[in-house]
Amino acid sequence: MPEKGKIIVVGFGPGDVKHITERAIEAIKECDFIIGYKTYMELIQDLITAQSVISTGMTEEVSRAQEAVKQAELGKKVAVISSGDSGVYGMAGLVYEVLMEKGWNEAEGLEVEVVPGISAINSCASLLGAPVMHDSCTISLSDHLTPWDLIAKRLEAAAMADFVIALYNPRSGRRTRQIIEAQRILLQYRAPETPVGLVKSAYRERQSVVLTNLAEMLEHEIGMLTTVIIGNSSTFIYDNKMITPRGYQRKYTLNAEKQPLELHQRLHKNAEPWALVHEANPSQNAQSGAALLTKEPEQKSNSLAIAMEALSRVSGKIPQPADIGAIQHHSETIFEFAVSPGIANKHFTPNQLLALAEAAGEKGTIEYTPDHCIVMRIPAPDPDSITEKLTECGLILSPIGHVVKIKACDFCDGEKTEAIPYADELHNRLGGMELPKELNIGLNGCGMACYGAVMNDIGIVFRKGKFDLFLGAKPVGRTAHPGQPVAEGIEPERLVEMVSNIVAEYKQNAHPNERLFKYFKRAKEIQGFRYQDITPKMNIEPAPCED
Ligand code: SAH
């Protein structure tokens, strides 16, 4: 009886030797017989040592599979070659089908091994950037063995479900209509500007990579050797790279362009109001969701931490949101803003609280922050009706993020009112202005400064009809300190101008994320006010939160 044969179905990856797995190389070398499509055999010819090589035309896949089984039945070790992965529109399935027809089973029949390879969706994605970061699918446009109606239905379903889609076999000499029809279907569900990547002959000699969009994709060459990758509704193009973000979290705030969450905020559970279990409803977490909650975010923040670490090692700095660029989006957004009953007034009315509860609805959150500030986060596609209702009942809404915030005291509940107009004017002029880092201006109406004006980036204290100015407090941390007194007895009519100039200078010259105290220390002077090192001369180890 001849020795039991073996079939190894090998995916050799996109085309160049460096992207073939070690097992695939080994398998190709250990076989006595190699069967594959001509073009592929040429690509791997340097690896072939086998005696018998059969290369056939593209359409002869079934006869290739039959030949492989026949040779293996004769006791040979046979390699069947596919490009990419042999199980993705490749030979693996066909080989099993031929074997099944012959009543093969694993226990008694010949040995079969499927060696995985890098499929076109992966190799092409790597050349485009990172377009397949989220749920994706592959659809072959070849209606050779699949009815077009079914292909069309799949295109529609995938488009509807916002999958990233890799189109294999998009077009051949004879099949030219399918890609046109596919574009028409996709355009019913995706924006014309949806990014599209066209990769031809990835990791082969005639490789070409084109970035285009759904509306214009047909203006470029698409052929048998092209894979077409269609982005989802969040995919964007940045510096010639096609990138799909990991999630859909997005936020925007008042008067600001739509913006991505900052890196450290992404992947937080509270940025995911649509999740089945999340912080907004702690009572749920206490029960079955608790275990899930403690594990998941940890993994997520680890992958973010790894990405940050990698970027900072190559660039020597921590990436800032600005480095990541403006990201357009069409998906669900979170509207985020701070709310207060007034600049001087600290009392909410019951009506205002009702309006806030209504605005937050089932899915929004209302957070009371360490800054004596209420922050609303509401998944809302259209913020205008929310802002309208809340301002109507007398609430003041302010943007969140790296902006100017005016924090006035309550002026002894309206008894010491003289400085209130200055607080109002500072709010009107500077409140919400975007800066390299958040900047709080504290204004207190008497020398008691009981709302802690001097602990703000800019502290202003009204005393005896004039203002005292403090600059560069470090408000948090173990090395926290108040601002330096830089001027006393400022005439009221000069105050707003002076503070505006300080903010303008800081805005223009500070590095991204450089808080005012750091800028003051580095620049040594702001608007003629000299920096003095008044921090205690004792070494305090900086110990940021380790979580
Ligand atoms: N088994 C293969 C797919 C075979 S179907 C795999 O897993 O990749 C053939 C289609 O695959 C082609 O029409 C093209 O869309 C895609 N393809 C295969 N190799 C490619 C490459 N190197 N570059 C671009 N597309 C490729």
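The values are calculated or read from the model by the stated rules, or taken from the named source; none is laboratory data. Values in this document were obtained by computation on a predicted structure and should not be read as measured data. No Cβ is skipped: glycine too gets one built from the backbone with ideal geometry, and neighbour counts run over all protein chains shown.
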Determine, yes or no, whether T194 is away from the ligand (no atom under 14 Å from the Cβ), hydroxyl-bearing (S, T, Y) and in contact with a strand residue (DSSP E or B) (Cβ under 8 Å, 6 or more places away or on another chain).
-> yes
Of all residues in region 2-35, which are within 13 Å of the ligand (Cβ to nearest atom) and under 27 Å from A107 (Cα atoms)?
-> V9, V10, G11, A24
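Quick check on region 80-114: of everything there that is of a type in the set (V, I, T) and more than 32 Å from the chain's Cα centre (by Cα), which residue is nearest to the ligand (Cβ to nearest atom)?
Step by step, filter region 80-114, then rank; the result is I81.
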Residue in region 501-512 that is nearest to K466 (Cα to Cα), counting only those that are crowded, with 16+ Cβ neighbours inside 10 Å and either in contact with a helix residue (DSSP H, G or I) (Cβ under 7 Å, 6 or more places away or on another chain) or modelled with pLDDT under 95 (or both) | V503
Could you tell me which residue of region 218-228 is farthest from the ligand (Cβ to nearest atom), considering only residues that are of a type outside the set (G, A, S) and under 16 Å from S142 (Cα atoms)?
-> I222
Return the only residue of K363, K346 being modelled with pLDDT of 90 or more and of a type in the set (D, E, K, R).
-> K346
Looking for whichever is among the small types (G, A, S) and either loosely packed, with under 15 Cβ neighbours inside 10 Å or touching a Gly at 6+ places or on another chain (Cβ under 8 Å) (or both) here; the options are S142, S172. Which one fits?
-> S172
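Would you list the strands (runs of 3 or more DSSP E) that sit entirely within region 165-245 and hold 2 or more residues that are more than 19 Å from the chain's Cα centre (by Cα) and at pLDDT 95 or above? Outline the logic, then answer.
Values: elements: 195-200, 208-213, 226-230, 236-238, 241-243.
Filter on region 165-245 gives 195-200, 208-213, 226-230.
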Among the candidates A157, A79, residue that is among the small types (G, A, S) and within 30 Å of V53 (Cα to Cα) = A79
Segments classed as helices (runs of 4 or more DSSP H), wholly inside region 36-133, with at least 1 members that are in contact with a strand residue (DSSP E or B) (Cβ under 7 Å, 6 or more places away or on another chain) and modelled with pLDDT under 95 | 38-43, 61-73
Among the residues of region 133-189, how many are under 24 Å from I237 (Cα atoms), within 16 Å of the ligand (Cβ to nearest atom) and either in contact with a Lys or Arg (Cβ under 7 Å, 6 or more places away or on another chain) or β-branched (V, I, T) (or both)?
-> 5
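For region 115-132, which residues satisfy the criterion of being within 10 Å of the ligand (Cβ to nearest atom) and under 19 Å from L211 (Cα atoms)? Give the derivation first.
In the first step, residues of region 115-132 are kept if they are within 10 Å of the ligand (Cβ to nearest atom); the result is 116-124, 127.
Matches in region 115-132: A120, I121, N122, S123, C124, L127.
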Out of E106, E97, E101, E111, report the one residue that is closer than 25 Å to I44 by Cα and out of contact with any Phe, Trp or Tyr (no Cβ under 9 Å at 6 or more places or on another chain).
-> E111
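Take the conditions within 16 Å of the ligand (Cβ to nearest atom) and over 44 Å from the mean Cα position of the chain (by Cα) and apply them to T56. Does it pass? Break it down into steps so the answer makes sense when it comes.
Details: within 16 Å of the ligand (Cβ to nearest atom): yes; over 44 Å from the mean Cα position of the chain (by Cα): yes.
Taking the combined requirement at face value, the residue satisfies it.
Kindly evaluate G477 against the criterion of being among the small types (G, A, S) and surrounded by 17 or more Cβ atoms within 10 Å (Cβ to Cβ). Step through it out loud before you land on a result.
Working: among the small types (G, A, S): yes; surrounded by 17 or more Cβ atoms within 10 Å (Cβ to Cβ): no.
Here the answer is no, as G477 does not meet what is asked.
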(1) in contact (Cβ under 8 Å) with a residue 12 or more places away in the chain; (2) in contact with a Pro (Cβ under 9 Å, 6 or more places away or on another chain) all hold for G452 apart from (1)
